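Input: a single structure, listed below in structure tokens.
The values are calculated or read from the model by the stated rules, or taken from the named source; none is laboratory data. The model shown is predicted, which means the values in this text are computed figures rather than measured ones. Neighbour counts run over all protein chains shown; Cβ positions are idealised from the backbone, glycine included.
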Amino acid sequence: MYAVAGCTVSLLLRLQLTENLPPTRKGARLQQREPSADTAGAQKRSKARYVPSKDANRGWDVASRLVAGLLVWGLLGWYADTRFGTGPWLLVIGLLLGHAGGLLSVYTAARRDEERDAAVKRRSREQVRGG
């Protein structure tokens, strides 16, 4: 769980930091010269923003739902254990509930996305037939 959180923070920081980097020395020298077709293409490519794919967004959604369920219910179980002095049992129950809740959340989100994709396909088929 810590590895997933660490990778998530690392990736978000990397994406945030690379968008705001100043031009390198080589890039500054290229901008001082006359712009050629190669540098114009490179400048257009460098201005393009990173747009994650739909599958990547779904992957991050699944991971965040699973981690959030475990984290929230695990913390509630830990708090209940410290409050009532029941040992690790409520923590274990909280983690199991969090895992089950995260899986249920992922399942319902997947069903919703599947139904939405089917509706979009159905609409596009109807437009092709009618158009």
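Brief remarks follow.
- Residue selected from the stretch 96-111 under the condition closer than 16 Å to LEU71 by Cβ, under 17 Å from the mean Cα position of the chain (by Cα) and of a type in the set (A, V, I, L, M, F, W, C), by the criterion surrounded by the most Cβ atoms within 10 Å (Cβ to Cβ): VAL106
- Evaluation of VAL72 against the conditions (1) surrounded by fewer than 17 Cβ atoms within 10 Å (Cβ to Cβ); (2) touching a residue at least 60 places away in the same chain (Cβ under 8 Å) shows that the sole unmet condition is (2).
- Any chance ALA5 is of a type in the set (A, V, I, L, M), at pLDDT below 95 and surrounded by 14 or more Cβ atoms within 10 Å (Cβ to Cβ): no
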